[in-house]
């Protein structure tokens, strides 16, 4: 089972929930950081890194001696990564999405695969918890290509070790967030009961509902703000799987890099219950019942 | 004209709450919400929309079932795994489609349409603090970087037309395409951070991004009293890298209290928080060369 921990609004506690769940999970589990722009899971799991590699994507390289400047490549490219005018061809590798269209369409076979560095993928272990993370190169604009490579490695690792994975997703509801959750089995939406938290939670619910995956809510800093989030969840039939109280002691523990499930028996019990609720939500029978409800 | 962008790296450090307060404190300005993905500034400013425009960006592939002969060439060419055979024929998954047109160009029976993708809306509104240029990307849509550029262009034109000497922008979290787009042409970036391992780490990454694009950066430490050691580490980092620290703001439920009422924190009775924030704004004006 792959559990994606997502939000909408940033700073609501995705990493806190992902790290806590990973540490109390029963059975083999991998903590996966797909917030490649700002990966933070390592700051709480403190993994021993066993290996890393640079990730690249294929971008066009032109052999100008073969080019006849016919313009087929630039006409096809939707991302302005290839430009042909008069007797000049220019490649803008940072604009390339890696579709391979220019290489496939060039009648002279003048375009060959080159590379753009996306960032680094690293992996290791934190005690019983496996660890995998992507880290976007500074200046790289697109995170989905690196996320796809991290997910490919996740599939390989799960094929070897078996078990479950908990994905720490990036904030927001656009392409990076959707990419992080679209291959999961369950989506956990973490929010706080403030007006910003609720507004972005609704956006996230709208963005992820078409994926047709079981979803549940975790309310962090419960007691802050107002009750709008509870009304929204009730209206949409979205189960609230856990509540973490608004407590300055929790915020301080987080500021020291602590995993909050380890703070008190009460908080540990909250996450153990959350784990069981997630397993229950992932059962196919449950989603069938929901569909009939 | 000056352009100031509030960013953070890490989400939830207080960007939007502070941008709202600065919008209250700043004189002639155009306000601009560049977090087009999950915009929240309008919740504080309650804008009255005066103009609404549709945002189209790129295209998406759609297979016409009757024309498709099921050869599967499109699925084998697609680098994004967006085309699958679902039993009844080949279909494009709009969530995975990047709009690259490769399938359209190579389909032997011309069975793939390529309509424009409607990605969101943008607005020009009036608020109690002045004009607001903002947008809403449809949930799950892409190309927020391009929408950021559209908003900035609108805000600049509006500033010119109204003789405003400042465009004040609320940015997105992270260091990817919307943030990179929002830095272009900015005179000053203000990073809001918090004294936590994530806050400090993400500040370091967003600072590296500003260096990469040669944008001047200043820092505000929010919730500074949560962890004195982390606050000290952030201050050492800023000192070593020559980033001015504009303010240390206390961890105060006042910010949420204001938000729940649809107000910015400087509209509540005066507090340590609002005094410190007022000083921060004066420093920002000086750094950005405003009012000269």
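The values are calculated or read from the model by the stated rules, or taken from the named source; none is laboratory data. Note that the structure is a prediction, hence the values are computed from the model and not measured. Cβ atoms come from the backbone with ideal geometry, glycine included; neighbour counts cover every protein chain shown.
Give B:284, B:220 a once-over and let me know the one that is touching a strand residue (DSSP E or B) at 6+ places or on another chain (Cβ under 7 Å), touching a residue at least 60 places away in the same chain (Cβ under 8 Å), buried (at least 22 other Cβ atoms within 10 Å of the Cβ) and in a strand (DSSP E or B).
Numbers: B:284 fails: in a strand (DSSP E or B).
Answer to the check: B:220.
Any residue that is within 9 Å of chain B (Cβ to nearest Cβ) and over 13 Å from the mean Cα position of the chain (by Cα) - is there at least one of those in the range A:210-218? Talk me through it step by step, then tell me what you get.
From the range A:210-218, those within 9 Å of chain B (Cβ to nearest Cβ) are A:210-211; that's our starting set.
Going one step further and asking which of them are over 13 Å from the mean Cα position of the chain (by Cα), we end up with A:210-211.
Among the residues of the range A:210-218, at least one is within 9 Å of chain B (Cβ to nearest Cβ) and over 13 Å from the mean Cα position of the chain (by Cα), which makes the answer yes.
Is the range B:258-277 home to any residue that is in contact with a strand residue (DSSP E or B) (Cβ under 6 Å, 6 or more places away or on another chain) and in contact (Cβ under 8 Å) with a residue 40 or more places away in the chain?
No.
Can we say residue B:248 is touching a helix residue (DSSP H, G or I) at 6+ places or on another chain (Cβ under 7 Å) and in a helix (DSSP H, G or I)? So that I can check it myself, show each step before the final result.
Details: touching a helix residue (DSSP H, G or I) at 6+ places or on another chain (Cβ under 7 Å): yes; in a helix (DSSP H, G or I): no.
For residue B:248, the condition - touching a helix residue (DSSP H, G or I) at 6+ places or on another chain (Cβ under 7 Å) and in a helix (DSSP H, G or I) - is not met.
Restricting the search to the range B:74-96, which residues are part of a loop (DSSP other than H, G, I, E, B) and either away from every other protein chain (no Cβ under 13 Å) or more than 26 Å from residue A:80 (Cβ to Cβ) (or both)?
Our first condition is that a residue be part of a loop (DSSP other than H, G, I, E, B); within the range B:74-96, this holds for B:78-82, B:86-89, B:93-96.
Result: B:86, B:87, B:88, B:89.
Taking the range A:14-56 on its own, how many of its residues are in a loop (DSSP other than H, G, I, E, B) and buried (at least 24 other Cβ atoms within 10 Å of the Cβ)?
Filtering the range A:14-56 down to residues in a loop (DSSP other than H, G, I, E, B) leaves A:25-28, A:34-40, A:46-47.
Subset that is buried (at least 24 other Cβ atoms within 10 Å of the Cβ): A:34-40.
Summing the residues that are in a loop (DSSP other than H, G, I, E, B) and buried (at least 24 other Cβ atoms within 10 Å of the Cβ) in the range A:14-56 gives 7.
Can we say residue A:103 is within 13 Å of another protein chain (Cβ to nearest Cβ) and touching a helix residue (DSSP H, G or I) at 6+ places or on another chain (Cβ under 8 Å)?
Working: within 13 Å of another protein chain (Cβ to nearest Cβ): yes; touching a helix residue (DSSP H, G or I) at 6+ places or on another chain (Cβ under 8 Å): no.
No; evaluated as a whole, the condition is false for this residue.
Is it the case, given these coordinates, that residue A:197 is within 30 Å of residue A:155 (Cβ to Cβ) and modelled with pLDDT of 95 or more? So that I can check it myself, show each step before the final result.
Details: within 30 Å of residue A:155 (Cβ to Cβ): no; modelled with pLDDT of 95 or more: yes.
Taking the combined requirement at face value, the residue does not satisfy it.
Looking at (1) within 30 Å of residue A:23 (Cα to Cα); (2) free of Cβ contacts under 8 Å to residues at least 60 places away in the same chain, find the lone condition where residue A:84 falls short.
It fails just one condition, (1).
When the range A:162-174 is examined, which residues are found to be within 15 Å of residue A:133 (Cα to Cα) and assigned to a loop (DSSP other than H, G, I, E, B)?
If we filter the range A:162-174 for residues that are within 15 Å of residue A:133 (Cα to Cα), which is where we start, we get A:165-170.
Scanning the range A:162-174 gives A:169, A:170.
In the set A:177, A:141, A:159, A:152, which member is surrounded by 20 or more Cβ atoms within 10 Å (Cβ to Cβ) and either within 14 Å of chain B (Cβ to nearest Cβ) or not in a strand (DSSP E or B) (or both)? Let's see the steps before the verdict.
Numbers: A:141 fails: surrounded by 20 or more Cβ atoms within 10 Å (Cβ to Cβ); A:159 fails: surrounded by 20 or more Cβ atoms within 10 Å (Cβ to Cβ); A:152 fails: surrounded by 20 or more Cβ atoms within 10 Å (Cβ to Cβ).
Sole residue among the options that is surrounded by 20 or more Cβ atoms within 10 Å (Cβ to Cβ) and either within 14 Å of chain B (Cβ to nearest Cβ) or not in a strand (DSSP E or B) (or both): A:177.
Go over the candidates B:23, B:27 one by one and state the one that is away from chain A (no Cβ under 11 Å) and in a helix (DSSP H, G or I).
Values: B:27 fails: in a helix (DSSP H, G or I).
Answer to the check: B:23.
If you scan the range A:20-63, which residues turn out to be within 11 Å of another protein chain (Cβ to nearest Cβ) and in contact with a helix residue (DSSP H, G or I) (Cβ under 7 Å, 6 or more places away or on another chain)? Before the answer, list the steps.
Our first condition is that a residue be within 11 Å of another protein chain (Cβ to nearest Cβ); within the range A:20-63, this holds for A:35-44, A:46, A:57-58.
Hits for the range A:20-63 are A:36, A:38, A:40, A:41, A:43, A:44, A:57.
Residue by residue through the range A:45-75, note down the ones that are without any contact (Cβ under 8 Å) to a residue 60 or more places away in the chain and in contact with a strand residue (DSSP E or B) (Cβ under 7 Å, 6 or more places away or on another chain).
Keep residues of the range A:45-75 that are without any contact (Cβ under 8 Å) to a residue 60 or more places away in the chain, which gives A:58-75.
If the condition is that a residue be without any contact (Cβ under 8 Å) to a residue 60 or more places away in the chain and in contact with a strand residue (DSSP E or B) (Cβ under 7 Å, 6 or more places away or on another chain), then A:58, A:59, A:60, A:61, A:62, A:63, A:64, A:67, A:69, A:71, A:73, A:74 are the ones that fit.
Residues that are under 25 Å from residue A:243 (Cβ atoms) and surrounded by fewer than 20 Cβ atoms within 10 Å (Cβ to Cβ): does the range A:61-71 have at least one?
no
Mind listing whichever residues of the range A:106-138 are more than 14 Å from chain B (Cβ to nearest Cβ) and either assigned to a loop (DSSP other than H, G, I, E, B) or modelled with pLDDT under 95 (or both)?
Answer for the range A:106-138, where residues must be more than 14 Å from chain B (Cβ to nearest Cβ) and either assigned to a loop (DSSP other than H, G, I, E, B) or modelled with pLDDT under 95 (or both): A:108, A:109, A:110, A:127, A:128.
Hey, which of the strands (runs of 3 or more DSSP E) in the range B:107-193, taking only ones fully inside, have at least 3 residues that are within 14 Å of another protein chain (Cβ to nearest Cβ)?
Result: B:116-127, B:130-137, B:188-193.
Being closer than 15 Å to residue B:179 by Cβ and touching a strand residue (DSSP E or B) at 6+ places or on another chain (Cβ under 7 Å) is the filter here, so list the residues in the range B:190-217 that pass it.
If the condition is that a residue be closer than 15 Å to residue B:179 by Cβ and touching a strand residue (DSSP E or B) at 6+ places or on another chain (Cβ under 7 Å), then B:190, B:191, B:192, B:193, B:203, B:206, B:207, B:210, B:215, B:217 are the ones that fit.
Just the residues that are more than 7 Å from every other protein chain (Cβ to nearest Cβ) and part of a loop (DSSP other than H, G, I, E, B), please, taken from the range B:97-106.
B:97
Could you grab me the full set of residues in the range A:248-271 that are more than 12 Å from chain B (Cβ to nearest Cβ) and either surrounded by fewer than 17 Cβ atoms within 10 Å (Cβ to Cβ) or over 24 Å from the mean Cα position of the chain (by Cα) (or both)?
Matches in the range A:248-271: A:262, A:263, A:264, A:265, A:266, A:267, A:268, A:269.
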